[in-house]
Amino acid sequence: MIVKRRKLTFFERLYLPAIFAGFKVTLRHFFRRKVTVQYPEERRVPPEGYRGAPYLVRDEEGRIKCVSCQLCEFVCPPRAIRIEPPGPDGPPPARPGVEKAPAAFEINLLRCIFCGFCQEVCPEEAIFLRDDYSFTGARRGELVYDREKLLAHGGVHRDRHRKWQRKEEEAAAQRVFPPRA
């Protein structure tokens, strides 16, 4: 199928209408309110539900909440999370009632796609996506965060459920037997 094109007029061949249309757009934006953010000095507040970098958190008593279940590692699509369980000879965890704590935990932020699957699957609420959008490094290795760096950025999570404390209280109540009559 052949499409017939009409011939351009002399005025259209000069491209003046396109140039004037461009000037019109420029002048319209010139008098509008500016939206430029002076980034290092001014920071934008991310919207509600923003998924930034993942970090580990501690409980109110300063203990690591991760129990090395490795669910976040298995669910991570780009395989950005690596957890090394303590093994049978590993040190005992800091929290009573917890079976194990990770010997090593690292997240490669260059691989991470900030999908939030790790936060959703964590049964202990130990990993959260924070509203941090500004992380840089001079070398690739600086953006592979180990456990200490993740905990330092993550802070303390105020757990409203207090699951382990409730389990300890239930276990203590089961140990006390009522006297026989």
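The values are calculated or read from the model by the stated rules, or taken from the named source; none is laboratory data. Note that the coordinates shown come from a computational prediction; the quantities given were computed from them, not determined experimentally. So basically every Cβ, Gly included, is an ideal-geometry build from the backbone, and we count neighbours across all protein chains shown.
Find the helices (runs of 4 or more DSSP H) located wholly in region 1-118 whose residues include 2 or more that are farther than 30 Å from Ala138 by Cα, and list them. First the steps, then the outcome.
Values: elements: 10-13, 16-30, 71-75.
Output list reads 10-13, 16-30.
One residue stands out in region 29-59 among those that are touching a helix residue (DSSP H, G or I) at 6+ places or on another chain (Cβ under 9 Å) and not aromatic (Phe, Trp, Tyr): the one that is modelled with the lowest pLDDT, namely Asp59.
Within region 119-153, the residues that satisfy the criterion of being in contact with a Cys (Cβ under 8 Å, 6 or more places away or on another chain) and assigned to a loop (DSSP other than H, G, I, E, B) are Cys122, Pro123, Glu124, Ala126.
Please enumerate the residues belonging to region 38-63 that are loosely packed, with under 10 Cβ neighbours inside 10 Å and either of a type in the set (D, E, K, R) or farther than 23 Å from His153 by Cα (or both).
The initial filter retains those residues of region 38-63 that are loosely packed, with under 10 Cβ neighbours inside 10 Å, namely 38-42, 44-45, 47-49, 61-62.
Across region 38-63, the qualifying residues are Gln38, Glu41, Glu42, Arg44, Glu48, Glu61.
Go through the residues of region 64-81 one by one and say whether even a single one is farther than 18 Å from His153 by Cα, among the hydrophobic types (A, V, I, L, M, F, W, C), in contact with a strand residue (DSSP E or B) (Cβ under 7 Å, 6 or more places away or on another chain) and surrounded by 15 or more Cβ atoms within 10 Å (Cβ to Cβ). Scanning region 64-81, I find at least one residue that is farther than 18 Å from His153 by Cα, among the hydrophobic types (A, V, I, L, M, F, W, C), in contact with a strand residue (DSSP E or B) (Cβ under 7 Å, 6 or more places away or on another chain) and surrounded by 15 or more Cβ atoms within 10 Å (Cβ to Cβ), so the answer is yes. Taken over region 118-145, residues that are surrounded by fewer than 15 Cβ atoms within 10 Å (Cβ to Cβ) and within 18 Å of Lys100 (Cα to Cα) amount to 1. Among the conditions (1) more than 30 Å from Pro91 (Cα to Cα); (2) touching a His at 6+ places or on another chain (Cβ under 6 Å), the only one that Thr36 does not satisfy is (2). Residues of region 9-47 being over 19 Å from Tyr133 (Cα atoms) and polar (S, T, N, Q), which ones? Selection gives Thr9, Thr26. The residues of region 138-158 that are touching a residue at least 60 places away in the same chain (Cβ under 8 Å) and more than 14 Å from the chain's Cα centre (by Cα), listed by number, are Arg147, Val156, His157, Arg158.
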